[in-house]
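A short write-up of the structure that comes next.
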Amino acid sequence: MIEVHIRTHVPTTEIDDTITLDFNTRQKSRIKVQTDKGLDVGIFLERGKPLHIDEILISDCGKKIRVNGELEPVITASTEDWLTFSKVCYHLGNRHTRLQVGDRWLRFQPDHVLTELVTKYQLNVDETPAIFEPESGAYAKQSDGHSAHHHHE
């Protein structure tokens, strides 16, 4: 098994292999997986920093492995109405729901209560499996090295 301890966001065309992972697996810092070509890999990264799609992992032996997103069960809800879309985003955000947000569409992991909420607001609901890459959150560490602080009194 090869081991990975280094990750980079620098794009490269010199890829040796890929790994295709669902959202929950990409959240882990210690992962044992097989690459898409069947190579056993142990990934050991800093805790609290999930893998992102298109990141490049560099193994101890120098292999470059790109992270791909896996199709998984999700709910994609959409509308043409910006006001309705904004209201639904507000209510889902108020529940601290992990959301992937697009242009008048949003995506979340299956949950019957949340699906009922978006249906109540008459959003179109699509249950087609898709890659899930939600927003990292307002208090996540920024890519420029700065972090925002979130305090509860």
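FYI, it's all coordinate maths here, none of it is from the lab. None of the values given here were measured: they were computed from a predicted structure.
List the lysines whose Cα sits under 20 Å from the Cα of residue 120, skipping any in the same chain fewer than 8 residues away.
Result set, ordered by chain and number: 87.
Under 10 Å, Cα contacts only: if you run a Gaussian network model on the chain, which one of 41, 113, 101 comes out with the highest mean-square fluctuation?
Its mean-square fluctuation being the largest, the pick is 113.
Please give the helix 82-94 orientation as an angle from the longest Cα principal axis of the chain, in degrees from 0 to 90, rounded to the nearest 10.
Here the helix axis deviates by roughly 60 degrees.
Return the sequence-ordered ³J(HN,Hα) values of the range 106-114 in whole Hz as given by the Karplus equation 6.51 cos²θ - 1.76 cosθ + 1.60 applied to θ = phi - 60°, using x for Gly and Pro.
9, 9, 8, 5, x, 7, 5, 5, 5
When we measure straight from the Cα of residue 37, which lysines land under 30 angstrom away, once same-chain ones fewer than 8 places off are left out?
28, 49, 63, 64
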